[in-house]
Structure formats: structure tokens, C-alpha cells
Amino acid sequence: MGSGFKIFWTDHALSELESTFKYLEDNWTEKELVKLGLKIEHTLELISKNPTIFQESPDKKGVRQAVVAKHNTMYYRIVKETIEILSFFSNRQSPSRRKF
């Protein structure tokens with residue numbers, strides 16, 4: 001991923017990512033899973049190189065949101081020289097289920 005801010009995934013975000021991929025493995029093709037994985041990597045690279053590239057969340061001050069794909073949004077915050085991934089949210093869920 002080149003130089004830039006270090007990426008750190010919280011346990012909560014990793015749990016959401018794992019749940020998302022488990023669901024998608026049952027409902028998507030392998031090609032679509034790989035495509036989503038590449039979109040996640042690309043988004044992380046953009047964030048690492050320019051952490052303020054995505055807009056701040058209207059729901060939580062200091063938290064930014066990056067739409068990775070139509071159905072998934074990544075929420076993160078900048079902590080010194082680290083990007084902390086707080087959530088990998090499936091947009092098919094009710095927004096009230098979002099947790100940072």
C-alpha cells in the first residue's frame with residue numbers, strides 16, 4: 001500500500017467486515033467478492049494517502065465516511081498518524097444499527 005497513514009481496524013469493524021463477507025459468500029459470485037475486496041483496498045489506499053478525502057459523517061463529529069460500494073460504507077477517524085477504521089457498515093441495515 002505505499003507510504004501514508006497507518007491503517008488500524010477496530011475489533012468491531014473487523015467483525016462487521018467478516019459478517020459482510022460471510023453473507024456475500026452465500027449470495028454473490030467469487031468474481032463479485034474479489035471486486036469488493038479490490039474496492040476496499042483502493043478506498044484504504046486513498047484514505048491512507050489523503051485522510052480528509054472523504055466527508056465527515058453528519059451523525060458523529062470527527063468521524064469520516066467513505067462509500068466503498070453501493071451497499072457498504074466505511075467509517076473512520078484520524079488519530080495522529082493512524083487511520084482507525086471504526087465500522088464497515090452494510091447500508092442495507094437500518095441506520096440506527098450503526099455503531100462507532
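The values are calculated or read from the model by the stated rules, or taken from the named source; none is laboratory data. Quantities reported herein were computed from a predicted structural model and do not represent experimental measurements. Note: ideal-geometry Cβ built from the backbone for every residue, glycine included; neighbour counts use all protein chains shown.
Side notes on the structure shown:
- Which listed residue, of LEU86, LEU36, is touching a Ser or Thr at 6+ places or on another chain (Cβ under 9 Å), at pLDDT 90 or above and assigned to a helix (DSSP H, G or I): LEU36
- Cβ-Cβ under 9 Å pairs, at least 6 apart or on other chains, the stretch 58-70 side on the phi > 0 side of the Ramachandran plot and part of a loop (DSSP other than H, G, I, E, B), far side surrounded by 14 or more Cβ atoms within 10 Å (Cβ to Cβ) and of a type outside the set (Gly, Ala, Ser): GLY62/ARG77; GLY62/ILE78
- Restricting the stretch 46-83 to residues that are at pLDDT below 95 and among the basic types (Lys, Arg), the residue that is surrounded by the most Cβ atoms within 10 Å (Cβ to Cβ): LYS60
- Restricting the stretch 1-17 to residues that are touching a strand residue (DSSP E or B) at 6+ places or on another chain (Cβ under 6 Å) and hydrophobic (A, V, I, L, M, F, W, C), the residue that is surrounded by the fewest Cβ atoms within 10 Å (Cβ to Cβ): PHE8
- Comparison of THR20, THR43 shows that the only residue that is in a helix (DSSP H, G or I), in contact (Cβ under 8 Å) with a residue 60 or more places away in the chain and either surrounded by 13 or more Cβ atoms within 10 Å (Cβ to Cβ) or out of contact with any Pro (no Cβ under 6 Å at 6 or more places or on another chain) (or both) is THR20.
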